[in-house]
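Below is one structure, written out as structure tokens; comments come after it.
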Amino acid sequence: MTPKFIQKLARNGIAWLLSLVTFLPLYLIIVNSLKDQMGASSMSIALPKALHWSNYAIVVEQGKLLQSFLNSLLYAVGSTVLGIALAAIAAYIFARNQSRLNRFMYFFVILGIAMPINFVTLTKVMQFTHLINTQLGMVILLAVMSIPFSVFLIYGFVGSVPRELDEAGIVDGCSPLRLFYSIVAPLLTPVIVTVGILNFMGAWNDFVLPLYYLNDSNMWPMTLAVYNFFGRFSVNWNLVSADIVLTTLPVIIIYLLGQKYIISGMTSGSVKG
């Protein structure tokens, strides 16, 4: 065996080992969600002797999962659409009109990627605007949190769109908004899909913001529903596992459908930014 072959074999072995470590928690949750209470109590990797699909029906019925699913869908889709609409326009203006003010505004916005959240100030703002403990407030809050990283990615991608298209649109009499939505926005589809998938997964998995700003359990997303369910059924690991599987399933499906856009959009946006 040549040194090059051994090096390649070692790299593949490390990659397989890391993949196995990443996949093991998901395997444990899926396997134990199909066992009875006694079988799942030890959270072992052994396969179930019999498949207990009824665990999922119990979780949906007793965990109020349908209501939580609709809430999560509202927050994730609403914040994603709103965040992309605002971030795309802002990134386009920052990239096309690079005045001193716009350069300052761009760096000020993307500073939000690294800055920690001041929850005391944010709570005061939510109370002042009467958005605390409301679904509209949660959609706006999640959308605002996603804007800095979205602007960073889209800004880099706008540079690949030829300016001649803008000039042609202006000559044909397009207004600024029509120029953006009819000519520029369709060309930004790859990065917009990337941003949309990342924002959707971030909003779907968010736990802290709903915990702080939603007091009514009827407005809770699935992350809080799982937390509450675990408190009630902490000894029934089969039910807790089934609850976690149902919560993570939509995110896994979205990721698998759009994983090729995530890689292409993030690399193009980050390199050109």
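Of note:
- Reachable lysines from residue 8, criterion Cα separation under 27 angstrom, eight or more residues apart if same chain: 260
- Coupling constants for segment 34-43 follow from the phi torsions by the Karplus curve (6.51 cos²θ - 1.76 cosθ + 1.60, θ = phi - 60°), and in residue order they are 9, 9, 7, 4, 5, x, 8, 5, 8, 6 Hz; glycine and proline get x.
- Protein accessible area in segment 109-155, 1.4 Å probe - carbon and sulfur %: 76 percent
- The residues of the chain have, on average, 59 Å² of accessible surface per residue, using a 1.4 Å probe with all protein chains present.
- Using a Gaussian network model of the chain in which every pair of alpha carbons under 10 angstrom is joined by a spring, one finds that among 34, 239, 26 the greatest mean-square fluctuation is at 26.
- Computed helical MRE - 222 nm, the chain, DSSP H runs ≥ 4 contributing -39500 (n - 2.57), nearest 500: -24500 deg cm²/dmol
- Reciprocal mean inverse distance between Cα atoms of segment 43-139 - Kirkwood radius, Å: 18.0 Å
- Accessible area in the full protein assembly, largest first, 1.4 Å probe, for 167, 61: 61, 167
- Relative pair counts by distance (%), Cα atoms of the chain, 10 Å bins: 6, 22, 25, 23, 15, 7, 2, 0
- Sequence of 204, 16 from largest to smallest accessible area, 1.4 Å probe: 16, 204
- Inter-part distance where segment 129-147 and segment 1-60 are each reduced to a Cα centre, Å: 37 Å
- Contour excess over end-to-end distance, with Cα ends at residue 62 and residue 21 and 0.36 nm allotted per residue: 11.5 nm
- Residue 172 exposes around 130 Å² of accessible area when a 1.4 Å probe is run over every protein chain in place.
- Options 113, 123, 92, ranked by Cα towards positive dipole end of segment 63-233, top entry (Cβ charges): 123
The values are calculated or read from the model by the stated rules, or taken from the named source; none is laboratory data. Just so we're clear, the structure is a prediction, and the values are computed from it rather than from any experiment. Virtual Cβ from ideal backbone geometry, glycine too; neighbours counted across all protein chains shown. Just so you know, the surface numbers come from the protein's heavy atoms only, side chains and all, with ligands and any DNA or RNA stripped out. Shrake-Rupley method; radii C 1.70, N 1.55, O 1.52, S 1.80 Å.
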